[in-house]
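Note sheet for the following structure.
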Amino acid sequence: MGAREKMRPLFRTLDGGLFSQKAGKADVGDAAVKMMAEGGIMMCWADPFYPDRVIPQKVLERSVEVIQQGAACHYTAPIGNAELKEAIAKKILRDNHIQVDPQRNIIINPGSDVGLYFAMTPFIEPGDEILVHDPSYPSNFLDPQLLNGVVVKVPTYEEDNYRLRVEEYEKRLTSKTKMVLLSSPSNPNGRVFTREELEALAEFIVRNDLICVCDQAFEDTVFPEHEMVSIASLPGMWERTVTVCSCSKGMALSGYRVGYLFADDVIMDVLYATAVNVQGAANTMVQMAVIPAYEDSSFIQEYVAEQNVRRHYAYEKFNAVPGVSMPLMESGFYGWVNVSRLGDSSEITSYLAQEAKVLVNDGKFYGNQGDGHLRIIYGVFEDRQKSLEGIDRICAALAKRAAALGITE
Ligand SMILES: Cc1ncc(COP(=O)(O)O)c(C=O)c1O
């Protein structure tokens, strides 16, 4: 019997990583590596300004300093650097309107993907049902299953810009429902859920005595006309919510691998008890280096302003292609583009790799409601022109396909 046969049934079905032909998560895999080597453009990695060096000077200087001083070669506490947690607590108060005890309610993770999985572990028992809005971040569909939970997809619909419909949650509620998983703002469609939507969902969660894990990896990328509301700040939610955050998206420091989660004392005590065994400590150098970025995050506004220019460009360009549509994105640095009239989204993803030499994400990776869509990261490259050129290349290829199909509007 091979090693795979000895695995739990779900794990036996998994494939992924750079050496796989059929990586489950859209943004890793052999295709991406080959494409890069051949000079293609990667617009499939949710990594702002990739692959260019965009790093606040103060973070750069602190990184070097920490290495030179020697602190970098030692552990920090597994729960995180105390000074970093002080700075993050101030951000949580300012942006999430929640007062936390920095040393009690925050844990630093090596990136928010780890935090997301870690946040779920105390709660999911075999057979528990987890409600996940669809479309959503792929980890929200896989992680609960890795813990022997059952994912129940809750559809959201393009026709009302993917509003969270509580009636769809109600319909799927059973005696086994344990948790609601939220990607807020939502990756892949950039939705910034309104206060009203989140209040209605929070009321549902409280009334049914559920747990909420809320991934706010994109919270710092919200465009100014939208309000970012943390569900943990709503009545009755604090004691039942774990909120997961990151410096990868808003601060464009994905390579630093710093994320954090925050929650009530009761939950944190359990996570602290397991942290040292499960995640160990996050990297000492990067934790110390991001402290100045959390102390003064004003540089993020420039990033949002840059992505704002790109989102308007993408909006104009994609909507001008016959058979293609895209909403004006509410957050993030990517477009969520409906190409369903031009054919199957997997085929179009491959077509764009061939015809435009641009890699994008097939919407199917984000759930059933992602079918017929592409996620296109226009936030890549520091140089705006290079990113806009990528959009132009995709649009030209899509227009060619539309013309071949006789679609004119
Ligand atoms: C919604 C969402 N959550 C979490 C992550 C993980 O980010 P990181 O582990 O870099 O913090 C990503 C990365 O793409 C994401 O899109």
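Of all residues in the range 247-295 being among the polar types (S, T, N, Q) and open to solvent by 40 Å² or more (accessible area, probe 1.4 Å), which is farthest from ILE211 (Cα to Cα)? Applying the filter and picking the extreme gives ASN283.
Test GLU382 against the criterion of being of a type outside the set (Ser, Thr, Tyr) and farther than 21 Å from MET329 by Cβ, and give yes or no. Answer is no for this residue. Tell me, yes or no, whether the range 170-182 has at least one residue that is assigned to a helix (DSSP H, G or I) and at pLDDT 95 or above. Checked against the condition, which is being assigned to a helix (DSSP H, G or I) and at pLDDT 95 or above, the range 170-182 yields at least one hit. Kindly establish whether PRO188 is surrounded by 16 or more Cβ atoms within 10 Å (Cβ to Cβ), within 16 Å of the ligand (Cβ to nearest atom), at pLDDT 95 or above and part of a helix (DSSP H, G or I). In short, no. In the range 16-36 there is at least one residue that is among the polar types (S, T, N, Q) and modelled with pLDDT under 95. Using the structure shown, decide if GLN369 is open to solvent by 60 Å² or more (accessible area, probe 1.4 Å) and assigned to a helix (DSSP H, G or I). Here the answer is no, as GLN369 does not meet what is asked. Counting only helices (runs of 4 or more DSSP H) wholly contained in the range 43-159, the ones carrying 3 or more residues that are within 24 Å of the chain's Cα centre (by Cα) and crowded, with 20+ Cβ neighbours inside 10 Å occupy 82-91, 112-120, 138-146.
Selection of the range 300-313 for residues being buried (at least 17 other Cβ atoms within 10 Å of the Cβ) and out of contact with any Ser or Thr (no Cβ under 9 Å at 6 or more places or on another chain) yields GLU306, ARG311. If you check LYS386 against the conditions, is it in a helix (DSSP H, G or I), in contact with a helix residue (DSSP H, G or I) (Cβ under 8 Å, 6 or more places away or on another chain) and open to solvent by 20 Å² or more (accessible area, probe 1.4 Å)? Judged against the criteria, LYS386 is not a match.
The values are calculated or read from the model by the stated rules, or taken from the named source; none is laboratory data. Source: prediction; values computed, not measured. Counting neighbours? That spans all protein chains shown, and the Cβs are built from the backbone with ideal geometry, glycine included. Ligands, DNA and RNA are stripped out before the accessible areas are found, and what is left, the full protein with its side chains, is counted by its heavy atoms. Shrake-Rupley method; radii C 1.70, N 1.55, O 1.52, S 1.80 Å.
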